[in-house]
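Down below is the structure, laid out as structure tokens.
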Amino acid sequence: MEKDQKGLTEEKLDMFEENKANLLTMGGTKMVRKQHDLGKLTARERIDLLFDPGSFQEVQLFVKHRSTLLGLAEKEIPAEGVITGFGRINGRTVFAAAQDFTSSGGSLGEMHAKKIWKVMDMALSARKPFVALNDSGGARIQEGVPSLEGYGGIFYRNTVGSGYIPQITAVMGPTAGGAVYSPALTDWVFMVKKSGFMYITGPDVIKAVIGEEVNHDDLGGANTHATKSGVCHFATESDEDCLTKIRMLLSYLPDSCHSPLPITSSTDSPDRDCDDLDTIIPDRTNRAYDMKRVIATVADGGVMFEPHELWAKNMVVAFIRVMGRPVGVIANNPRFNAGVLDVQASDKASRFIRFCDAFNIPLLTFSDVPGYMPGTHQEWSGIISHGAKLLHAYSEATVPKITVVTRKDYGGAYIAMCSKQLGADYVMAWPTAEIAVMGAEGACNIIYRKEIAEATDPVEKRKELVRSYEGQFNNPYFAANLGIIDEIIRPRDTRRRIVSLLEALLNKTEVRLPKKHNNIPL
Ligand code: HXC
């Protein structure tokens, strides 16, 4: 090459490499060591584990803050404290932002936020999932209001992208104050035990304002949010565990609401008998069994991926595959509080149903529910509007909806668990199903109160009436005779039926009234 054509001189190359290398060192050796000593990986190590090896392309590495306030003019913050870009996860493109706590505590200033806006905008136009790995001291205090503007722009993009692309947040360090609202606006929140915490106000402020004493972990650690508040869907053991589980979750999700579902090849048989299901229902109706066994038996290879495993355990939500296609399962679990519907169970199921519907994932419901939880606690917590969410979410969903009634299916809860009247495409019941307005004991106490009181032997009379009610209503036949359920099936045939129904409903389309959007009772 001629000398005068050689614009890329050694000097320019060296300068480029040196600049780049400086930015890649993050907050420096001391801060990186501190991060590791806390059992945390750095943002770059996290990105490396999240993405398929060598696939990550960094975006806007050279962006710098431009604040001169409170000593910032002299302060270098490598990569502005956040690594942004895109790469492949399980071979599919995903966009991500990972806050770097080693660089000024991953604090979010104007330009840090703009880097995040940039990859979120790219994810939205490319219609690909977005993953945020949070580890930050919050709004960069020295910069003032531009930091708040930065958060506002993230919240706006989280909302605009809601139901359009899957959005996932991993809380891998501090997330305090208003910063918690980006995770809450995304579809899935992962937290790392011991290092991730989220709260609106920290322990010191709480003590000063209301005198309550609580430590960081009890207030907003992964266990707290996974068991008490339900803010966290997945409480993970370590950074590595968290990143592996994010990859797993993404394997069930499409790139966007306009993209096909990720189908894998299944080695399971479409005709597999589920013999275990013939014996799973206990001999007495008030005995418990684990609905998760039913779900796993029906799923390809017995594999289920369960969000909210530790919260509202009376309701199970899970992703499974059936002949390689992702399916969202919603099920009462009689193992916990008899599988009753309460405020938390309704919220858990409703949000899951809306997520699946938004991303075209078919819904499979297993119902064994004694009713809504009675009592002042539930009434004053708003079971009326929370329970209504479930009715709304199921009715609004236009994806294929299949329901299997395994045992109790009483009253309003029967309607709520994806009955035909809420738009289920096909409802099946096992011979053990009891589809009735209420359980036999409660029903007889009300409708035969007088007869029981006036009988010579009230105890015997009551038993006789209960038996008669059970004979008439505690079975699936009355509902099947009226076409209120479509079929009664032997439990061991459940997977086979589901496989063929999902196939039959593959091209289901349902057109709803033209309007701006529903107004779900939030
Ligand atoms: C600027 C920050 C910062 C912040 C941390 N740093 N948080 N810089 N703005 N918000 C810097 C520190 O000055 C320090 O810089 C480096 O990050 C590491 O912080 P340390 O305090 O040394 O780390 P550690 O002891 O591990 O404590 C972590 C921490 C603590 C608990 C997160 O830093 C902290 O309490 N930070 C403030 C948290 C907070 O109140 N944030 C809310 C801001 S208001 P050097 O240069 O020494 O390395 C907010 C509102 C958002 O976020 C509203 C959105 C709607």
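Okay, here's what the table says:
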| quantity | calculated |
| --- | --- |
| Failed item, numbered, when Lys207 is tested on (1) at pLDDT 95 or above; (2) more than 12 Å from the ligand (Cβ to nearest atom); (3) in contact with an Asp or Glu (Cβ under 8 Å, 6 or more places away or on another chain) | (1) |
| Filter result for Asn519 (of a type in the set (S, T, N, Q) and closer than 30 Å to Cys274 by Cβ) | no |
| Options Ile447, Ile435: the member that is within 45 Å of the chain's Cα centre (by Cα), at negative phi and without any contact (Cβ under 8 Å) to a residue 12 or more places away in the chain | Ile447 |
| Sole residue being buried (at least 22 other Cβ atoms within 10 Å of the Cβ), among the β-branched types (Val, Ile, Thr), over 22 Å from Asp275 (Cα atoms) and modelled with pLDDT of 95 or more, chosen from Val329, Val298, Val399, Val317 | Val317 |
| Sole residue being in contact with a Gly (Cβ under 9 Å, 6 or more places away or on another chain), within 13 Å of the ligand (Cβ to nearest atom) and within 20 Å of Ser103 (Cα to Cα), chosen from Leu219, Leu148 | Leu148 |
| All positions within region 155-178 that are surrounded by fewer than 21 Cβ atoms within 10 Å (Cβ to Cβ) and near the ligand (Cβ under 9 Å from one of its atoms) | Phe155, Ala176, Gly177, Gly178 |
| All positions within region 68-94 that are touching a strand residue (DSSP E or B) at 6+ places or on another chain (Cβ under 7 Å) and buried (at least 24 other Cβ atoms within 10 Å of the Cβ) | Gly81, Val82, Ile83, Thr84, Val94 |
| Helices (runs of 4 or more DSSP H) completely within region 167-255 that count 2 or more residues being under 21 Å from Gly81 (Cα atoms) | 181-185, 239-250 |
| Qualifying helices (runs of 4 or more DSSP H) (wholly inside region 1-113; at least 1 residues being within 28 Å of Ala123 (Cβ to Cβ), away from the ligand (no atom under 16 Å from the Cβ) and aliphatic (A, V, I, L, M)) | 10-24, 43-50 |
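The values are calculated or read from the model by the stated rules, or taken from the named source; none is laboratory data. Because the structure is predicted, anything quoted here is derived from the model rather than measured. Cβ coordinates were reconstructed from backbone atoms using ideal geometry, including for glycine residues, and neighbour counts include every protein chain displayed.
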